[in-house]
Each structure stands twice: as structure tokens, then as C-alpha cells.
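The values are calculated or read from the model by the stated rules, or taken from the named source; none is laboratory data. Predicted model only: the values in this text are computed from it and were never measured. Neighbour counts run over all protein chains shown; Cβ positions are idealised from the backbone, glycine included.
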Amino acid sequence: MHEASMMVGLMHRIDAIAKAERARRIVGVSVRIGALCHMSVEHFGEHFQRASLGTLAEGARMDVTVSQDMGDKHAQDILLEHVEVET
């Protein structure tokens, strides 16, 4: 369930950026997965694909990096680093 709530939060942030940019669609999304997030890149991709269905981000390119820094204050988080929009 923790993963689902993380994805809801991420999709809200992406949607807010799309609205602010008056985007027609989201072309790409870059995220960083914290070292203690317990989500693999593949697992994240599956969750993102489901969460983005029917949104401007459906079909967007995903760029995912995984932090190895367990001492980072965001080690348990998924951080949105960049959203590429098409206007």
C-alpha cells in the first residue's frame, strides 16, 4: 500500500506541473529512487504505467536512477527530478 500512496503523490505532482505548463501531454519523467525505498526500477515502472493510465503522462518515457546513499534524508522516497512536457 505504501507504494500506491507514493505513486498517487507522484502523479499529483506531475499533474500540477502539466497544468502549470499548459501541457498537452507529458513526454518524459525523471525520478530518483532512494536507497531505502524498497522498490526496484522494474517495480516502479509497473506502478507508474498503471498510475498514468488515462492521464497526460500515459506512455511517457521514464528515466529512473537509484541512489545508493542510505544516509540521504530522502533515502526512503521517490523524488521527481524532471518532467518534460509537450505544449
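Have a look at M11, M39 and point out the one that is free of Cβ contacts under 8 Å to residues at least 60 places away in the same chain and touching a Phe, Trp or Tyr at 6+ places or on another chain (Cβ under 9 Å).
M11
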Filter the stretch 40-86 for residues that are in contact with a helix residue (DSSP H, G or I) (Cβ under 8 Å, 6 or more places away or on another chain) and hydroxyl-bearing (S, T, Y); which is surrounded by the fewest Cβ atoms within 10 Å (Cβ to Cβ)?
T55
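To keep it simple, each residue is scored yes or no on (1) modelled with pLDDT under 95; (2) within 13 Å of the chain's Cα centre (by Cα).
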| residue | (1), (2) |
| --- | --- |
| M1 | yes, no |
| I17 | no, yes |
| H47 | yes, yes |
| R50 | yes, yes |
| S67 | no, no |
